Amino acid sequence: TGNFAIEPVFNKAERFTSGLGRTSAERDGVVGVIDRTGAWVFRTNYQYLYLARQLGRDGQPETVFGWHFKNDNRWGLLNLDGRVVLNAEFDQVVWPCGDDRLRAYRNKELLHFKADGSSLQPPDGRLFNFACSDAPLYTLKVGDKYGLLDSNLKPLTPVHFDAMVWAGQNARNAKIDGKWGRIGPDGRWLLEP
């Protein structure tokens, strides 16, 4: 009708996303989220805030999974209600994997988290072949030894192998006592070493 739905009082405002009814905005140095009337849903003391969305693939619609926020030049993630999922301690924005995992770089190291922000990195080891597109089997390295984990990060094998390399989506070549063999998706030998 040509009338203001929201008075022009904001210094910045992002676009509204269909079906969400909220967007990020800034007014007089306050950064937060407003509704379609211009009322604050929540306010923050962050430098920057914008909707975290993942573009749909193969004709699927985009999905909204929270709010990216920047504080002290580091990135974090809020849920849609403004609760902190991951604190602002990452090099760049946090992204979803599409399977209930989040990924983020901290000091150039790729880390993975559950959707609730809890870490998927084991405290005493490091996960390999754990990119968003990778399917289980996951390789775990503790010290200088390797083992395999399933999709729930439960051990399939002991962590006692000298080396572990990819041998297809459902197999890994493993070295133990100087000899190589192949392990299948259940953690058992397909080819004995």
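Worth pointing out:
- Filter result for Val9 (touching a strand residue (DSSP E or B) at 6+ places or on another chain (Cβ under 8 Å), surrounded by 11 or more Cβ atoms within 10 Å (Cβ to Cβ) and assigned to a strand (DSSP E or B)): no
- Some residue of region 118-135 being in contact (Cβ under 8 Å) with a residue 40 or more places away in the chain and either more than 22 Å from Glu14 (Cβ to Cβ) or among the hydrophobic types (A, V, I, L, M, F, W, C) (or both): no
- Looking only at region 102-118, residues that are surrounded by 16 or more Cβ atoms within 10 Å (Cβ to Cβ) and of a type in the set (Ser, Thr, Tyr) come to 0 in all.
- Residues that are of a type in the set (S, T, N, Q) and in contact with a strand residue (DSSP E or B) (Cβ under 9 Å, 6 or more places away or on another chain) were ranked within region 147-176; the one that is surrounded by the fewest Cβ atoms within 10 Å (Cβ to Cβ) is Ser151.
- Looking only at residues in region 119-146 that are open to solvent by 20 Å² or more (accessible area, probe 1.4 Å), of a type in the set (S, T, N, Q) and within 23 Å of Arg172 (Cβ to Cβ), the one that is modelled with the highest pLDDT is Gln121.
- Considering region 24-36, the residues that are out of contact with any Ser or Thr (no Cβ under 7 Å at 6 or more places or on another chain) and not hydrophobic (A, V, I, L, M, F, W, C) include one that is least open to solvent (accessible area, probe 1.4 Å), namely Ser24.
Let's see how each residue does on (1) outside any strand (DSSP E or B); (2) of a type in the set (Val, Ile, Thr); (3) open to solvent by less than 50 Å² (accessible area, probe 1.4 Å):
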position: Thr1; (1), (2), (3): yes, yes, no
position: Phe4; (1), (2), (3): yes, no, no
position: Gly19; (1), (2), (3): yes, no, no
position: Gly38; (1), (2), (3): yes, no, yes
position: Val41; (1), (2), (3): no, yes, no
position: Leu51; (1), (2), (3): no, no, yes
position: His68; (1), (2), (3): no, no, yes
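- Of all residues in region 31-50, those that are in contact (Cβ under 8 Å) with a residue 24 or more places away in the chain, among the aliphatic types (A, V, I, L, M) and farther than 15 Å from Val84 by Cβ total 2.
- Only listed residue being under 26 Å from Asn152 (Cα atoms) and open to solvent by 60 Å² or more (accessible area, probe 1.4 Å), chosen from Asp99, Asp72: Asp99
The values are calculated or read from the model by the stated rules, or taken from the named source; none is laboratory data. These numbers were taken from a predicted model, which means no experiment stands behind them. Positions of Cβ are backbone-derived with ideal geometry, glycine not excepted, and every protein chain shown enters the neighbour counts. Accessible surface areas use protein heavy atoms only, side chains included; no ligands, DNA or RNA. Shrake-Rupley method; radii C 1.70, N 1.55, O 1.52, S 1.80 Å.
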